[in-house]
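To start, the structure itself, in structure tokens.
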Amino acid sequence: MPSPPAALLAVGAPRRTAVKRIGSTPYTGVPRVRVAVEQGVGEDSDHLSARVRLLEGFVGRAEISDTAQVALQWLGETAGIRQSLCLIRPEGEQSLVVVGAYGLGSAVTSYSVSLEDWSNPLVSAFNHRKELFFPAPHSSADRKRRPSTPLEDAAFHAVPLSIAGFSEEAFGLLLLGGTPALGPELHWFTTVFSQKLDQLLRQHVMAEGDRRQGRERTLLYNIINAVSDPILLTDTEGRLLIANARALTLFTASEEESEGRRGAVRMNNMLLSSALSSKAIEETGATRRELLLVNPVDGSDLVFELLSTVTEDPRQGSGVVSILRNVTDLRRASEEIEENYRKMRIAEVQARAESDRLNLIIDSVADPIVVTDAGGGTSLMNDPAERLFTIPPDASAIEQRWVQANDAHFSSFIAGMFVSADQRRVGEVLLSDPRTGEPMPVEAIAGKVLSEHGELTAVVTILHDRREALEKAKLYAQLQVAADELERKIQAATADIAQQNELLRRQAIELEQASALKSQFLANMSHEFRTPLNAMLGYTSMLLQGVAGPVEPPVKRQLGRIESNGRHLLTIINEILDISRIEAGRMPLQMATVKVPDLVSEVKAELEPIIMQRKLTVTIDVPRDLQPITSDRQKVKQILLNLLSNSLKFTHHGGVTITARRNVKDKTLTLAVTDTGIGIANADQDRIFEDFRQLDNSPTRAYGGTGLGLSICRRLAQMLDGRISVQSQVGKGSTFTLTLPTKGRK
Amino acid sequence: MSTKSDRPRVLLVDDYPDAREMYTEYLEFSGFEVVEAGNGMEALQRAIDTSPDIILMDLSLPVMDGWEATRRLKADERTASIPVVALTGHALAGISEGAKKAGCDAFVTKPCLPEDLVREIRKILDNPPSHSSTRKARRSGKYAKTS
């Protein structure tokens with residue numbers, strides 16, 4: 001049903017690419033209206049005024065829906081079309097929507113025609129720009145053939161809206177209620193209305209395009225401003241045309257900025273210009289290079305990568321779009337990475353060297369070393385450990401078993417280490433020598449290696465072969481037993497010796513005392529002996545001298561025997577006395593300077609009676625310039641007297657020679673008495689110095705003497721730090737040599 | 001109190017009577033006048049009483065020994081100038097030294113044959129020690145030991 005006219009608003013802006021259309025068909029609408037108005041000249045004035053009214057209604061209308069409403073209302077009032085509908089195809093859409101209605105309800109606004117519905121006669125009318133008439137239906141079949149419209153069963157015309165003369169699509173459709181055929185007036189209307197709508201549509205599209213352009217430009221600026229990298233467009237001379245915010249900070253400075261900043265900016269501009277002019281213009285396409293700029297804010301160096309592209313614009317000429325990518329941090333990071341890599345390489349080399357060294361050290365250790373990782377796997381072992389725990393390629397079955405057993409024993413030790421809280425563990429593991437199967441007790445010293453977080457990372461175990469130690473311990477124990485035994489024996493022996501020593505000491509004391517007593521006794525006894533002997537010898541002498549009267553020769557001979565035996569006894573007593581004095585230490589030394597030549601002459605002189613009696617020659621071979629010696633003169637003389645008298649006694653033919661020589665090297669003096677006497681057999685040469693020793697010990701011996709003389713001589717020589725030796729040949733003679741130090745000790 | 005004869009007078013001091021008698025007999029036989037003493041004390045008395053030309057002094061004596069007697073003789077100006085010949089059976093080195101210190105003028109070791117003793121006496125009397133040399137010891141008796 002017809003409804004009061006309602007103003008309909010155009011919904012949605014037509015989406016058409018305005019630029020394109022503007023570029024190809026520049027719009028000039030006004031002259032056409034003028035032509036249309038001129039076509040109306042000649043009609044009646046009502047028609048003219050009506051047409052003017054419509055045109056006036058169009059003037060100033062910018063909205064499509066307003067214009068459509070004015071137009072439809074004019075149709076209703078002027079052409080008597082009480083129901084009408086104006087449909088427009090919005091830009092880019094495949095449907096026709098209502099922009100104006102007259103005499104129809106408000107529900108018409110939701111009406112639309114899908115242009116994809118090819119069966120709809122309205123679509124055909126629109127597409128072919130062909131007017132169609134739909135009469136009121138008489139049957140349901142008629143209704144089906146009719147399109148569904150807000151006009152319902154009323155008859156109507158569908159008039160496409162388009163610009164005549166242009167091979168364009170229609171842009172809208174008019175539905176005009178009523179049966180009358182469309183007259184020339186209505187054609188004028190559609191023409192004018194179409195033109196007006198077309199103009200408005202085009203204006204809308206343009207406005208929309210301008211808005212979109214503005215939005216897009218803003219968006220573009222926002223985008224390029226949002227980019228932290230400086231972006232700029234320069235002309236071929238390097239002058240700045242467009243720059244984003246970041247670029248502005250680098251390349252522009254206002255008068256208020258500090259001199260430093262302005263300087264930095266000038267510098268940056270120069271650097272950029274030279275970079276662009278030198279390279280960018282010569283080469284086409286994008287180029288990349290590094291550009292060093294100054295940060296105007298703090299003066300620090302900034303390294304950029306400059307990407308410049310030459311753009312060709314026929315209207316504005318060539319320009320260069322440059323994007324600067326700040327690679328300062330990148331460069332720094334890259335340098336850092338490089339440095340880190342270098343450090344890492346060095347560390348790696350060091351670590352490898354350290355590791356090699358460690359391996360070398362570990363391998364050079366004679367004790368097996370095993371490093372077990374936290375998982376219980378073996379991460380490292382040295383050669384000695386390998387011999388214990390790895391099966392050699394040529395191992396026999398039994399050897400393999402030994403190695404496996406070793407591995408099992410060691411694993412059990414390590415497992416204990418893992419569960420233990422101890423940092424270190426020392427234990428004994430019984431392994432076997434894989435080659436011989438010989439039991440091999442080892443001392444295992446395991447230490448945990450912890451990470452800095454205290455996590456167990458490895459266990460290092462050093463195995464020490466205890467066989468040698470055990471063997472040593474065994475030997476040591478044996479040695480200890482032997483040593484103890486020895487010590488006991490030594491202690492026993494020492495005690496024994498101490499006891500013996502004590503005994504000996506006591507015996508020595510006793511002996512000494514006994515000896516002293518003996519010496520004293522002998523000394524006293526010899527004195528007591530001599531007193532009566534003195535009287536006996538004295539009286540004998542007196543008898544022989546005839547003091548008591550003349551003595552007959554036989555008596556004289558007998559008295560002579562008494563006298564000689566008395567003298568012999570006296571000699572014995574004297575010599576015993578000498579020995580006992582020497583032994584009792586009661587014969588002190590009287591050290592003095594001794595002139596040896598004088599001494600020898602004296603000795604010879606004293607024995608002169610005997611020499612004369614025995615008819616022997618005594619030769620003295622003593623250098624007159626012989627240096628004096630230090631000794632006990634009386635004792636030397638006694639020795640020499642004894643030696644000479646002995647020689648005289650045992651020599652029957654020839655003579656005796658006394659020789660004195662000083663031996664500078666030994667600091668000694670030798671006094672030798674050489675005779676041509678009976679001599680002494682080699683076997684007897686030592687015995688002659690013994691006490692009471694005369695070789696002929698028979699009671700009727702041929703030679704006098706006590707047999708104590710040489711014994712006393714030897715004792716005296718020893719007292720003087722000297723010695724007496726003999727060289728002799730039986731039947732040829734003897735040489736007795738007294739050797740004395742030239743400087744005897746006091 | 002005997003009057004002094006032409007013969008030299010010898011004071012013989014010895015505690016062993018047989019030795020004393022033997023030497024006396026021989027000294028008298030050899031032309032000496034002999035005065036005897038049996039100990040040191042007696043010797044001192046006889047020396048003062050008889051003023052002998054020489055004194056033969058055995059050193060081992062009872063009552064007062066020969067050393068002490070000699071010291072006293074030498075300390076007494078009446079007897080100091082009389083030569084003293086020490087007689088001893090102890091042939092020890094220290095004894096002759098001790099005798100010299102005591103003031104003996106000569107030293108004769110016993111046993112000493114009578115003729116040896118006479119020879120020694122004659123030697124001293126023929127060459128009497130001057131007062132200053134009274135302390136110079138004369139040695140004798142060596143033949144007795146070494147023969």
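Nothing in this text is a laboratory measurement; each read-out follows from the coordinates by a stated rule. Everything numeric in this text was worked out from a predicted model, so none of it was measured. Quick reminder, even Gly has a Cβ in these numbers, built from the backbone with ideal geometry, and neighbours come from all protein chains shown.
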>> As a test of the formula, what do you get for chain A when each DSSP H run with n ≥ 4 contributes -39,500 (n - 2.57) and the sum is divided by the residue count, at 222 nm and rounded to the nearest 500 deg cm²/dmol?
In response: -16000 deg cm²/dmol
>> Along its three principal axes, how long is the protein assembly as shown when you only count alpha carbons? Whole Å, largest extent first please.
In response: 248, 80, 56
> For region A:207-227 and region A:366-390, what is the separation of their C-alpha centers, rounded to whole Å?
Replying inline: 74
> What is the Å³ per residue value for the convex hull set by the Cα atoms of region A:591-658?
Replying inline: 67
> What's the exposure ranking of A:Asp363, A:Asp632, going from fewest to most Cβ atoms within 10 Å?
Replying inline: A:Asp363, A:Asp632
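Below 14 angstrom from the Cβ of B:Gly31, what's the summed charge of the other residues (Lys, Arg +1; Asp, Glu -1)?
Values: positive: B:Arg7, B:Arg9, B:Arg119, B:Arg122; negative: B:Asp6, B:Glu25, B:Glu28, B:Glu33, B:Asp53, B:Glu115, B:Asp126.
Taking every Cβ under 14 Å from that of B:Gly31, the sum is -3.
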>> Past 23 Å, Cα to Cα: identify those pairs from A:Lys635/B:Lys123; A:Lys604/B:Lys100; A:Lys448/A:Lys474; B:Lys74/B:Lys100, in the order given.
In response: A:Lys635/B:Lys123; A:Lys604/B:Lys100; A:Lys448/A:Lys474
>> Once you keep just the Cα pairs under 8 angstrom separated by 6 or more residues, what percentage relative contact order results for region A:491-619?
In response: 29
> How far is the Cα center of region A:89-149 from the Cα center of region A:572-644, in Å?
Replying inline: 187
> What's the exposure ranking of A:Lys518, A:Lys615, B:Lys110, going from fewest to most Cβ atoms within 10 Å?
Replying inline: A:Lys615, A:Lys518, B:Lys110
>> Counting only other residues whose beta carbon sits under 12 Å from that of A:Asp625, what net charge do I get with K and R as +1, D and E as -1?
In response: +3
> Sorted by average packing, counted as other Cβ atoms within 10 angstrom per residue and highest first, what order do A:210-219, A:708-717, A:435-444 take?
Replying inline: A:708-717, A:435-444, A:210-219
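Note down the relative contact order for chain A as a percent, whole number, built from C-alpha pairs under 8 angstrom at least six residues apart. Working shown, then result.
Values: 1094 pairs, mean separation 42.0, N = 746.
Once divided by the residue count of chain A, the mean separation gives 6 percent.
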> If amide H atoms are built 1.01 Å from N in the plane of the peptide, which residues on other chains or at least 5 residues away come under 5 Å of the amide H of B:Glu33?
Replying inline: B:Arg9, B:Val10
> Average projected area of the Cα convex hull of region A:321-452, in nm²?
Replying inline: 13.7
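Below 8 Å between Cα atoms, with a sequence gap of 6+, how large is the relative contact order for region A:321-397 in percent?
Answer for region A:321-397 is 17 percent.
Determine the alpha carbon to alpha carbon distance for each of A:Lys518/A:Lys595; A:Lys595/A:Lys665; A:Lys615/A:Lys732 and list only those over 30 Å.
The pairs that break the limit, which is 30 Å between Cα atoms, are A:Lys518/A:Lys595.
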